[in-house]
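Read the figures in this text as sums done on the coordinates, not as results from a lab. Owing to the predicted nature of the structure, the values given are computational and were not obtained by experimental measurement. Backbone-built Cβ (ideal geometry, glycine too); neighbour counts: all protein chains shown.
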Amino acid sequence: EKDPLIVLVTGAAGQIGYALLPMIARGAMLGRDQPVIIHMLDIEPNAETLIGVKMELMDGAFPLLKGVIATSDVIEACKGVDVAIMLGGFPHRKDDNKDLIFSNVAIYKAQASALEQHADPDCKVLVVANPANTNALILKEYAPSIPEENITSLTRLDHNRALNQIAEKLNVNVGDVKNVIIWGNHSSNLYPDANHATVNTGVGHESVKELIDDDHWLNTNFITNVQTRGQTIVKARRLSCASSAAISVCDHMRDWILGTPTGTWVSMGVYSDGSYGIQPGLIYSFPVTCEKGEWSIVQGLKIDEFARGKMDALQRELIEEKRVAYSYLH
Ligand code: NAX
């Protein structure tokens, strides 16, 4: 049997945490042969809730689950961590990342330092809490000894939503659609790009752009459907999305650690290396393939004028978020 990996989940008493924890314990994130020890962190006022979540996790009787710690002590939570899923943060009131930055910079700065000092030096981090890209950037800045390629942010939920929109439009199984791209920032202006996506039609992989044959839809409704999907779910469920977010977290980590299938890419917020003219120093979502725990940005995709405009606008948005975040830090 493999040695257990220690998985930290911050904000574990929240909605996504409740859906995610049993998935991790079942092996949906790291593999069905990978034992795990889960460290759950939440703030002191939620300590009681966290104990309840822990009791349910124990009652799941998961053979892969080798231990659970429920704590509000950041240092205890970060000790020896191999994988960190950062759901914890100040709740969002408005659909505006800027409002959130102030409340979250302090949290991410403190948790970065705790990870830096107490986590495994090769710890892999996924930041989910909004503003996800900018929280990840702060975490990277304040955990300088963790390799920068180990710090990522979540755009996989948007990616999966985009796949579903295409599948519904073409009336095909979502499993046959691949290679959409979420560029840039997870914000209300996020940009799903289906220019390079394909559908497995049984006879081969055909271009989504050609099959749909409606650039107007791809450049309008498709984008807004993905952008507003979260709000649409809130309206229906009277709660924000939790299970789809938890699934996308598992997808992100599983593909990163265990690899993407040949010929398939996924979207991840990663530290920009200058690819596609996006300035280094931002956590920007790119199409990536993964192998043996390492991601690489898919190179050489042809970018049309419409996509370029969106990619640049999202870069500007992230530069502005970074400026605001730094103004609180210094
Ligand atoms: P909840 O508000 O249900 O849970 C957040 C939890 O974080 C709460 O239990 C809270 O007590 C805890 N928390 C607050 N400060 C903390 C701290 N300093 N240390 C540890 N825990 C702390 O939100 P939930 O619906 O679970 O969503 C979690 C985060 O994911 C939110 O920030 C949300 O905006 C973000 N999302 C990001 C997505 C993405 O694609 N990047 C999609 C899903 C989700 O909306």
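Only loop residues by DSSP count here, and only those with at most 15 other Cβ atoms within 10 Å; note down the trypsin sites (Lys or Arg not before Pro) in segment 1-60 that meet that.
Of the trypsin sites (Lys or Arg not before Pro), the ones in loops of segment 1-60 whose Cβ has at most 15 other Cβ atoms within 10 Å are LYS2, ARG32.
Using +1 on the beta carbon of Lys and Arg, -1 on that of Asp and Glu, and nothing else charged, what's the dipole of the chain about the Cα centre, debye to 20?
520 debye
Residues in segment 268-309 near a label at TYR326, defined as backbone nitrogen under 16 Å from the 7 Å Cα→Cβ point?
272, 279-284
Report the gain in length on full extension from GLN15 to GLN299: 0.36 nm times residue separation, minus Cα-Cα distance, nm rounded to one decimal.
98.6 nm
Which Cα, out of HIS205, SER145, LEU170, lies furthest along the positive dipole direction of segment 137-206 (beta carbon charges, K/R +1, D/E -1)?
Toward the positive end, the furthest listed residue is LEU170.
Over all directions, how big on average is the projection of the convex hull of the alpha-carbon atoms in the chain, in square nanometres?
Taking a quarter of the hull surface, the average projection is 16.6 nm².
Go ahead and set up a Gaussian network model of the chain, Cα springs under 10 Å, then flag whichever of GLY204, GLY281, GLY293 fluctuates most.
Result for the chain, Cα springs under 10 Å: GLY204 fluctuates most.
In whole Hz and in residue order, list the ³J(HN,Hα) couplings for segment 114-129 that follow from phi through the Karplus curve 6.51 cos²θ - 1.76 cosθ + 1.60, θ = phi - 60°; x for Gly and Pro.
Each residue of segment 114-129 in turn: 5, 5, 3, 8, 10, 7, 4, x, 9, 3, 9, 10, 10, 9, 10, 4 Hz.
With each pseudo-label sitting 7 Å past Cα toward Cβ, what's the ILE51-PHE90 distance in nm, one decimal?
2.9 nm
Taking segment 67-155, which trypsin sites (Lys or Arg not before Pro) meet the DSSP loop condition and have no more than 15 other C-beta atoms within 10 Å?
ARG93, LYS94
When all alpha-carbon pairs of segment 27-86 are counted, what percent fall beyond 14 Å? Before the final figure, lay out the partial values.
Values: 1035 of 1770 pairs.
Result: 58 percent of Cα pairs exceed 14 Å.
Taking the DSSP beta bridges in the chain as the whole, what percent of them are antiparallel, to the nearest 5? Working shown, then result.
On the way: 20 of 43 bridges.
Just about 45 percent of them are antiparallel.
List the relative contact order of the chain as a percent without decimals, with contacts defined as Cα pairs under 8 Å and 6+ residues apart.
Once normalised by length, the contact order is 17 percent.
Report Rg/Rh for segment 69-155, rounded to two decimals, where Rg is the Cα radius of gyration and Rh the Kirkwood radius. Walk me through the numbers on the way to the answer.
On the way: Rg = 12.2 Å, Rh = 12.8 Å.
Value, to two decimals: 0.95.
Which angle from 0 to 90°, rounded to the nearest 10, does the C-alpha axis of helix 156-170 make with the longest principal axis of the chain?
Here the helix axis deviates by roughly 40 degrees.
How large is the helix-only mean residue ellipticity at 222 nm for the chain, computed as the sum of -39500 (n - 2.57) over DSSP H runs with n ≥ 4, divided by its residue count, in deg cm²/dmol to the nearest 500?
-13500 deg cm²/dmol
Separation between the GLU76 and GLU168 pseudo-spin-labels, each 7 Å from Cα along Cα→Cβ, expressed in nm?
4.4 nm
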